[in-house]
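Report on one structure; see the data block that follows.
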Amino acid sequence: MTGWYHSWLAAIRIARRDAWRSKGRSLLVLSMIALPILGVSAVDVTLRSAELSVADRMDRRLGAADALLTDSGTGGAPIEQNPHLGTPGDDNWHPVGGWDAHHSKPTSEGRADLSKAVPAGTKTLTDTKGHTPLRTQHGLLQTEVRELKATDPLAKGLMVLGEGRFPEKAGEIAATHHFLEAGGLSLGDKVKPRSLDTEFTIVGAYELPDELKLDQINALPGTFLGPLNKSLADQGLSPTGGETNYLVGSGGGEGFTWNMVKEANSKGVAVLSRAVALNPPTDSEVPYYRHNASPDSSNGTAGALAAAATVVGLALLEICLLAGPAFAVGARRSRRQLGLVGANGGDRRHIRAIVLSGGLVIGVAAAVVGTALGIALTLALQPVLEGYLGQRFGAFELRPLELFGIALLAVFTGLMAAIVPAVTASRQPVLASLTGRRGVRKANRVLPAVGLVAVAIGAAVALYGAVASDSFLLVAAGSALAELGVVALTPVLVGLFGRLGGWLPLSPRLALRDAVRNRGRTAPAVAAVLAAVAGTVAVATYTASTDAKQRAEYQEMLPYGVGSATTDEAGGRDVSAMRSAVQANLPLDVLADVQRIVVGDKKCTPYSDDAKCGQYEVYIPKANRCPLHEGGVAGSDPSERFSVEERRALAKDWRCTVEFSGDAPGTAGVTVGDEKILKVLGITDPGVVNAVKQGRAVSFERAHFDKNNTGKVGIKVVTDHKKAEEALAAGREAPGRVTHLPAHLAPEDVKAYGIQLLVPPAAAKEAGFTTVPYGLVFSTSALPSTERSQSLNGAFDKIGLTTAPYIESGYSGSTGIVLLALTVFAGLVTIGAAGIATGLAQADAEPDLKTLTAVGAPPRVRRALSGFQCGTVALMGVVLGSAAGVLPSIGLLLNQRRADEASLQRSVDEGWIGGMSTTEIPIVIPWETLGSLVIAVPVGAALLAALVTRSRGAVARRAEA
Amino acid sequence: MPDQSHLPQQPQQPQQPSRIQPVLQLEQLTRVHGSGATEVHALRGVNLSVLPGELVAVMGPSGSGKSTLLTIAGGLDSPTSGRVVVEGTDITRASRKQLATLRRRSIGYVFQDYNLIPALTAAENVSLPRELDGLSARKARVSALAALEEMDLGHLADRFPDEMSGGQQQRVAIARALVGDRRLVLADEPTGALDSETGESVLALLRARCEAGAAGILVTHEPRFAAWADRVVFLRDGSVVDETMRSGAESLLAVGGPDAAGQAGLK
């Protein structure tokens, strides 16, 4: 019907001009709606732009080549691979028969010969990567070294040259912008690897479009890693692992087909092929999928989608609750105008249309402004966003349909926010609108009834979820329903507050009465505050409780204020420099040197499988080992031998409850050092101290001792790696020699911070062990400041240590910022909502104020009244919101407690955990947050409102003559 | 004191009034506000008919029921008892929707001030009832421009209310009250916020519209404005206490001036 359409046009025209006339209010509502739209559209554009097409992705990984051949690490044994190699998070292959079977074969290590997998008649280019620390302006920087002829046509697009040129001869390198920035270097500077006495000149700067944050240098093949590895070998150090890949270009044809990929797979080579990525084979052609399901992305996304929808839905509700009163103010202010429309024949439908059009106009404006700004902002911040994401956008991509959908959300929000004011305004009798006669607006009676039902059902569901089910979702859904119910109940709850009014002084009494008598306009504002505060309080309670649990579960790695630093490189050549750095930078109390046992060459690292090196461990007699972890058939889980009941019993067995945690230095459970270590760690037990002083070893674990305790503990040395591996694969014990040395058993209550066996240097020597410096433990007289910590870390970097010192500073929760941000958010919403409600109240109360002035009230009463009106709304919302927020979080915590217990029990039943215990989540009410919300925010809101209110009323307008 | 020569010509007596259908007919109208102790009788059995081409002034002191009479006549309020017949339809039985339709098509209001919707131009204000009625904006504008043009207000068409003087606003309001086929103007103190000269010009327009065939009720407490009417009805405590034909009103004005007339009206 055209009539319907035409009268809406008139309504929209009035609304549009009205919105323009009251710019302040329109802008406020517009920004409320547009801000989230801006955010969402910016995220959409960013994600869509960052999302690369398959072709783009292949260009970045392959350059101009057709395929990239990679050693699969199976020693040339045939593999089955995923055709989608190169999709982030989807790189996968496995040897034919699976990894477990592969590992049990003796020839599982070694390299595949990539050159054999290169099809005849194709061009190849080697791409080799290794890692090494390079000396820069600031110290040493761990850097990826890439040997690749970057100027080769095959490599085109892999690296994007920014300045200078790519290296053309030995002694030249190019580097990523990130490396130059991190190292304080520029073109023409020279850098030197730590273990090679050759300087390299930086001749160019480039970027990797996919890895903007990578510290990488580029050199010609053979000019960097070769000399470096030779130098490392000369110094007795292990080589930097250089992995060579082949870029293959067939120069036309169909590229590297799936059949060629399978051919390469049979030689133990994995292939990333452009042709396969662009035209993947059907699942039946992929042997890999016989063992692994083909990628299915729908799993898990449903849950995430539901969560996102909930968050967006709640955000929209919040915006509607906030913007609603603003439209109500508008409708109230233009009451006379709506009355005139009524007098000229507008019926309820027309009045509704005019107020709704207000929402429509603002919604459309917010949609346009929000999406436009979102796109503009993304465009303007593209370099920053790319830097943050660490990769260049594929193309600046706008998806009109998605953006339109997001924009539509703004229109929808605007309309939703205006619905209640529209219905309210249309019910107003025309005569009352024309004469400005006020009446107490009656609150809806159906809504509170619905609210009560929602609260009852929601609470029941949440309660059931909390005490009888493991489902977190039930508690969340129940709480959400109950909270919506409370929002609907708000008018009734506001009414209850009115009973408090009798004994208050004039201004607050007037404010409270006014708020209660006009529930129709007070309730939405209170509901908005309620919703925001309830969310904040719920999260705050949950966070505070989780934080309390983490604090209770926190295990000190060292005594408070004690630090440790170790290095296992090159036989501890850097320990003395490390000691000087610590002494120079920290206020030290006691400093103790720590050594470690080394088997074979002195430069061996503790767990090296180099032929020159051996391994060792504290020997635990068979009878003392936890049966859940020991014995059984090769390749099977030892705990599978036991029934669930037996596992539960074993979980409490002393052999299985052993738990070592701490950062006191030691390797394979053995720490070599003197009684100074005890002093640093605060171990004062006389038996222990005396034993160490007398040069005897001290064990902190009774499992080290044989049943018929002979007062000795054993250290087992394994030198034949190959035999050891075979024995382990067969489920037997690795062959090795056990050396016994006399030891004292420390009482069980002595806390050793991870030290299992402390061996004085003399005792180690006596038993025939070689020791090398390993590091330090030290106690500080005061915790170092951030600056000192930084300068200590800097000093470590300069030495070339890749490890940082650890200093125990106790538990520090990271929740403070979160709670603060939430409090500030809820505070802002509260002040905003209360402010809007106050504006509404003032529009209504102008005649009251005139009367007050006429009977002689001083001007400040006007300020006081609006202050109290604002404060009243804020206080009601905050009090109701706090109550509504604490309860669901308690439900969630109870639910999580049950879930924790159940999961612990499950892992015990399955034999995973021996005797680990968790602390129950305590229920902690965040009083500080609640206090600032309940007291500070309403007071702040009241003061703000009083401050911005004129103490003298505006002169009544007359018709302009 | 208005110059007598400005007064419109003696209107032709309604020809054979018995056969002409009145535009508005009030029969035994009563209106009681509140109940019990707060009971107020705003109107007590008022009878009044307004014929096409006739302008009736309603005078009386504050609280005499003038405005109540007007709001009931326009269907903005409903009587406690009695009938209101507008162009043959008893509006006391109409639904809210029918009343709104009636206000769009048959009845026009002019209030003391703030008659125009500030967000709309003069032409849009005039075309509003027709647009609400479902007419396209263009067609509504054509009829609005015609109405404005007819009253020599065409130059104001695209001005917003805050760009017009009070008198201009009131004249536009009269144009709106009579746009389309509307034949009944209910004016509640239309000159109350204007100086006397501007007030005269507004009433001259209203008078002219009535002469062109509309029926009008003018609520005022100023006798010199009432003198523009064909008939003056005096209300007191909700009852019609006196009724004067135009000549009578003129004689009142001639004898004692506005003040005397006002007092006479109070009797």
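Quick look at the values:
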{"item": "Virtual spin-label span in nm between A:Ile925 and A:Glu51, 7 Å along Cα→Cβ", "result": "4.7"}
{"item": "Per-residue mean of C-beta atoms belonging to partner chains within 10 Å, peptide B:96-106", "result": "4"}
{"item": "Burial ranking of peptide ranges A:330-340, B:181-191 (average Cβ count within 10 Å, highest at the top)", "result": "B:181-191, A:330-340"}
{"item": "Shape call, the range A:125-249: gyration tensor on alpha carbons, a/c limit 1.5", "result": "oblate"}
{"item": "A:Asp653/A:Phe412 FRET efficiency (R0 56 Å; Cβ-Cβ; nearest 0.05)", "result": "0.35"}
{"item": "Spatial separation of Cα centroids for the range A:516-573 and the range B:36-76, in angstrom", "result": "70"}
{"item": "Peptide B:125-131, shielding by other chains (average Cβ, 10 Å cutoff)", "result": "5"}
{"item": "Pairs beyond 29 Å (Cα-Cα), from A:Lys693/A:Lys722; A:Lys190/A:Lys602; A:Lys156/A:Lys213; A:Lys262/A:Lys612", "result": "A:Lys693/A:Lys722; A:Lys190/A:Lys602; A:Lys262/A:Lys612"}
{"item": "Those residues of the range A:846-874 whose amide nitrogen sits under 15 Å from the label point placed on A:Leu504, 7 Å along Cα→Cβ", "result": "A:862-874"}
{"item": "Bridge type composition, the range A:125-249 - antiparallel percent by DSSP, nearest 5", "result": "70"}
{"item": "Average other protein chain Cβ within 10 Å of Cβ, residues B:111-118", "result": "6"}
{"item": "Linear extension gain, A:Arg333 paired with A:Thr770, 0.36 nm per residue minus alpha-carbon span", "result": "148.3 nm"}
{"item": "Peptides ranked, highest mean first, by Cβ atoms within 10 Å: ranges B:25-38, A:169-182", "result": "A:169-182, B:25-38"}
{"item": "Net charge of Cβ neighbours under 13 Å - reference B:Thr191; Lys, Arg +1; Asp, Glu -1", "result": "-4"}
{"item": "Simple label model, 7 Å out from Cα along Cβ direction - A:Lys123 to A:Val644, nm", "result": "6.5"}
{"item": "18 Å Cα-Cα reach of A:Lys23 towards aspartates and glutamates, excluding residues that sit fewer than 8 places from it in its own chain", "result": "B:Asp162"}
{"item": "Top positive-direction residue, dipole computed over the range B:99-170 with Cβ charges, set B:Leu148, B:Thr101, B:Gln169", "result": "B:Thr101"}
{"item": "Radius 14 Å from Cβ of B:Val84, net charge of other residues (Lys, Arg +1; Asp, Glu -1)", "result": "0"}
{"item": "Under 12 Å from the Cα of A:Lys230 - aspartates and glutamates, other chains or at least 8 residues apart", "result": "A:Asp197"}
{"item": "Spin-label pair A:Thr851/B:Asn47, simplified geometry with 7 Å Cα→Cβ offset, distance in nm", "result": "4.2"}
{"item": "Global form of the range A:209-248, assessed from the alpha-carbon gyration tensor, a/c cut-off 1.5", "result": "prolate"}
{"item": "Net length gained if the chain between A:Thr739 and A:Ala460 were fully extended (0.36 nm per residue, minus Cα distance)", "result": "93.9 nm"}
{"item": "Set of lysines near B:Lys139 by C-alpha distance (under 18 Å), chain-local residues within fewer than 8 positions excluded", "result": "none"}
{"item": "The range A:125-249, dipole about Cα centre (Lys/Arg Cβ +1, Asp/Glu Cβ -1), debye to the nearest 20", "result": "200"}
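All of the numbers you see were taken from the coordinates with simple rules; none came from a lab. All figures in this text were calculated on a predicted structure; none of them were measured in a lab. Positions of Cβ are backbone-derived with ideal geometry, glycine not excepted, and every protein chain shown enters the neighbour counts.
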